[in-house]
Amino acid sequence: MPHSIALVGIGKIARDQHIPAIAGNADFTLSATASRNAEVGGITAYRSLADLLQAAPDITCVSLATPPQVRYGDARRALEAGRHVMLEKPPGATLSEVQALERLAAEKGVTLFATWHSRHAASVAATRDWLADRKIQRLHIDWREDVRHWHPGQDWIWEAGGLGVFDPGINALSVLTAILPEPVHLQKATLSFPANRDTPVAVDLTFEPLGDAPITAAFDWLEQGPPKWNIHIDTDAGNAILSEGGARLTIDGHETSAGEDQEYPALYARFAELIAAGTREVDLSPMTHVADAFTLGRRVITAPFEW
Ligand code: NAP
């Protein structure tokens with residue numbers, strides 16, 4: 001019997017990825033949605049998760065695709081009602097609220113899955129394996145995109161808790177924390193805030209060197225033209241570029257790994273595995289780097305941002 005699942009927050013990522021991924025996974029049936037303004041044709045629609053949970057006790061799983069600022073309340077509601085919960089990235093607005101959710105899920109004996117979709121990009125595992133027996137000499141993340149193209153009209157990303165350029169940048173950090181052979185911590189950060197916004201438009205990060213190897217990142221939301229979602233890695237035995245957000249690995253000029261986008265199908269497959277195993281998966285390491293950048297970072301005020 002497939003799990004009956006509800007999807008909350010019918011917006012861009014719900015339509016682009018969650019709905020097709022659920023439709024393609026025999027372990028789940030999309031039984032209802034909760035969204036203040038939107039519906040999915042043919043699926044029972046509620047205006048709030050509270051109404052849905054009360055009306056549909058047979059729904060055992062809830063996937064939250066709302067912005068991070070409103071994720072905690074719904075996640076808590078669903079866990080208290082004994083449902084398994086899957087969280088979009090970033091898993092919440094603060095580290096401690098996600099830790100509270102993890103404790104609640106454990107108390108209730110249900111699954112909580114904090115997803116990092118970019119970790120499932122086609123060449124992330126190949127990069128981790130390639131690095132396992134090499135010495136990194138330098139690693140630089142270059143993550144640049146045009147916010148007006150990728151997030152048109154999404155005001156929540158500019159509001160406190162919306163992360164600004166860390167919204168895409170945390171994808172890079174989720175890959176970094178998956179491929180490095182050992183953890184690093186942040187040493188220095190510069191965050192550029194538009195004068196009229198609460199979240200940064202550009203960020204430079206310097207991590208503790210790995211041995212002698214500098215580990216740095218630059219995120220920029222005002223890139224014109226095609227996005228650059230690349231990680232450059234020099235090692236003692238070859239230089240690699242993990243590009244297109246983790247989809248392609250090129251080593252010394254030769255493409256060695258590539259594949260089609262299966263990130264969201266992989267997330268739902270993992271959710272089904274965690275439910276079957278009766279376990280949880282909540283890795284806060286990408287979000288810890290972001291929180292550290294806000295704590296440690298030097299603040300620079302830049303030109304106001306208008307859509
Ligand atoms: P979105 O389209 O702006 O928002 C999703 C939906 O959430 C909205 O349509 C809205 O539906 C609902 N919502 C509930 N409370 C809201 C509030 N206070 N402000 C705005 N919307 C609210 O966002 P999205 O791009 O899908 O992103 C949602 C999450 O997925 C984010 O955490 C993001 O980082 C992640 N994500 C996005 C992408 C992407 O390409 N866009 C990719 C990967 C992950 P109702 O008005 O009907 O309630």
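The values are calculated or read from the model by the stated rules, or taken from the named source; none is laboratory data. Just so you know, these numbers come straight off a predicted model, no measurement behind them. We place every Cβ from the backbone using ideal geometry, glycine too, and count neighbours over all the protein chains shown.
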Where residue 54 falls short, out of the listed (1) assigned to a helix (DSSP H, G or I); (2) within 16 Å of the ligand (Cβ to nearest atom); (3) out of contact with any Asp or Glu (no Cβ under 9 Å at 6 or more places or on another chain): (2)
Count of the range 76-93 residues which are more than 18 Å from residue 4 (Cβ to Cβ) and within 14 Å of the ligand (Cβ to nearest atom): 7
The range 57-75, residues that are assigned to a strand (DSSP E or B) and within 10 Å of the ligand (Cβ to nearest atom): 64
Single condition residue 259 does not satisfy, out of (1) of a type in the set (Gly, Ala, Ser); (2) touching a Ser or Thr at 6+ places or on another chain (Cβ under 8 Å); (3) modelled with pLDDT of 95 or more: (3)
Residue list for the range 233-247, restricted to those being farther than 27 Å from residue 162 by Cα, in contact (Cβ under 8 Å) with a residue 40 or more places away in the chain and part of a strand (DSSP E or B): 233, 234, 235, 238, 240
Some residue of the range 176-189 being within 30 Å of residue 305 (Cα to Cα), under 13 Å from the mean Cα position of the chain (by Cα), outside the structural domain of residue 19 (by TED's automatic domain parsing) and surrounded by 18 or more Cβ atoms within 10 Å (Cβ to Cβ): yes
Residues of the range 248-289 satisfying the condition of being in contact (Cβ under 8 Å) with a residue 60 or more places away in the chain, over 30 Å from residue 109 (Cβ atoms) and of a type in the set (Val, Ile, Thr): 251, 256
Qualifying residue in the range 10-21 (condition: of a type in the set (Asp, Glu), closer than 19 Å to residue 267 by Cα and within 13 Å of the ligand (Cβ to nearest atom)): yes
Test: residue in the range 293-302 that is touching a His at 6+ places or on another chain (Cβ under 6 Å) and among the β-branched types (Val, Ile, Thr): no
So residue 33, is it assigned to a strand (DSSP E or B), more than 12 Å from the ligand (Cβ to nearest atom) and at negative phi: no
